[in-house]
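Report on the following structure.
The values are calculated or read from the model by the stated rules, or taken from the named source; none is laboratory data. Treat the numbers as computed from the prediction; the structure is a model and nothing was measured. Note that each Cβ is placed from the backbone with ideal geometry, even for glycine, and that neighbours are counted across all protein chains shown. When the accessible area is computed, the model is the full protein with side chains, heavy atoms only, and any ligands, DNA or RNA have been set aside. Shrake-Rupley method; radii C 1.70, N 1.55, O 1.52, S 1.80 Å.
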Amino acid sequence: MSDWLGDEKDNYTELITAYQGYIFGKKRIDNNIIRKGEHILKR
């Protein structure tokens with residue numbers, strides 16, 4: 001998976017961490033993280 005993500009690996013990790021916080025801790029996901037996630041999905 002690291003090969004597929006390349007430079008986006010850190011952004012992907014940040015997105016997953018934020019998602020887990022949302023699901024398990026009811027924490028809000030910052031719009032900046034959402035934009036990073038959209039960018040990853042477009043790749």
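Summary table
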item: Some residue of the stretch 7-17 being touching an Asp or Glu at 6+ places or on another chain (Cβ under 9 Å), without any contact (Cβ under 8 Å) to a residue 24 or more places away in the chain and hydrophobic (A, V, I, L, M, F, W, C); result: no
item: Answer residue from the stretch 18-33, given it is at negative phi and in a loop (DSSP other than H, G, I, E, B) and is most open to solvent (accessible area, probe 1.4 Å) among those; result: R28
item: Residue among L41, L15 that alone is in a helix (DSSP H, G or I) and either in contact with a strand residue (DSSP E or B) (Cβ under 8 Å, 6 or more places away or on another chain) or surrounded by 14 or more Cβ atoms within 10 Å (Cβ to Cβ) (or both); result: L15
